[in-house]
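For reference, the structure discussed in these notes is given below.
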Amino acid sequence: MSYYGARNRLTKLMLDKVENDNFLSQIDHTQVSLYVKFFKLKQQNFIKWYIIPDLDQLSSIKHLFVHLDKDTETKNFLDNCYAKSEHFFTQLMHSFVLSFLQYFMAITSINGLLQRGSMFVFSQEQFKTLIDFQSESKLGTLLDLGAGDGQVTSKMAPFFQNVYTTEMSTTMRWRLQQKGFRLVDVNEWDKIRISGEEESFLKFDAISCLNLLDRCDKPLSLLKQMKDALKPNGLLIVALVLPFKPYVEYNPDNRPSEDLLNTWLRDTCIKKEPSSTMNKVNKQISHLIENVFEPIGFELAKFTRLPYLCEGNLAQSYFYLIDYVFVFKNKP
């Protein structure tokens, strides 16, 4: 690339950032607009960040919905995203390193190496509300599957005596160990032996599976494993970006072996189609709860909707998707 070509590309990135951040700054943060690729506004069709459209369609579980809102921790994360994005030379260096390393490493591992792209799902107070934590003493043991760099794990850890984590990315595992989290092998987390008991495996009080079911190869098998690894009435915390669009980073074709949206556990339930009058997301919620989670043995306790935030880059200060967080109890 010529000097002038590089300069023009850099100028375009800077102008894009101004445009994109101006767009973000005008969002009330209780709203998000629908727009096309490259963040161009498509239509003034606003829907709430923290409110499920047409919630009445989910009549059987509507009473379990918890309405959250942007709190201080969420605001602080967004403010930090803006501040980090303004570090021009750091972001420029990250951009060059990313463009080179992506031929040899997965994006997740590059982010771990560069300590960029941290995620925010919920604040500590929001998590406390979701698990209905009211005790003065901590709960027992948490397992956080696919914990990434541990930023989200740190929001949950204060409520548990012991925290275990798993992660496939080598560089992210380094970050977890740096933060002091106990790391277990991705294939052995359900086979942690209890000290002094040769034949007994550790059962968890809670397992978090945040934005993992749409990124793993066998989500159905994983749900069954989690069922077996939880204590009776233990909590399963699941976050999903909806509409559901699975993508497996480590598979050559990026497709999972098991498709949750085409799963009906016929041995344990009658195939039940969601109402045709529901919108796409509510259909998926209904299907997943009635035809996947419930037949496996999970009972919905609470659910909510919130923004899934990610630190930005040269082109934009932060990125977001819409997350749905479900808290299930493990039926005995």
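The values are calculated or read from the model by the stated rules, or taken from the named source; none is laboratory data. The model shown is predicted, which means the values in this text are computed figures rather than measured ones. Here Cβ is always computed from backbone atoms with ideal geometry, including for glycine, and neighbour counts include all displayed protein chains. When the accessible area is computed, the model is the full protein with side chains, heavy atoms only, and any ligands, DNA or RNA have been set aside. Shrake-Rupley method; radii C 1.70, N 1.55, O 1.52, S 1.80 Å.
General remarks:
- Scan of the stretch 293-330 for residues that are charged (D, E, K, R) and free of Cβ contacts under 8 Å to residues at least 40 places away in the same chain, ordered by number: Glu294, Glu299
- Only residues that are over 20 Å from Asn330 (Cβ atoms) and under 17 Å from the mean Cα position of the chain (by Cα) were counted across the stretch 129-164, and they come to 10.
- Across the stretch 71-113, the qualifying residues are those that are open to solvent by 70 Å² or more (accessible area, probe 1.4 Å) and in a loop (DSSP other than H, G, I, E, B), and the one among them that is modelled with the lowest pLDDT is His87.
- For the stretch 37-70, taking the residues that are closer than 17 Å to Lys128 by Cβ and loosely packed, with under 14 Cβ neighbours inside 10 Å, the one that is modelled with the lowest pLDDT is identified as Asp69.
- Qualifying residue in the stretch 230-245 (condition: open to solvent by 80 Å² or more (accessible area, probe 1.4 Å) and part of a loop (DSSP other than H, G, I, E, B)): yes
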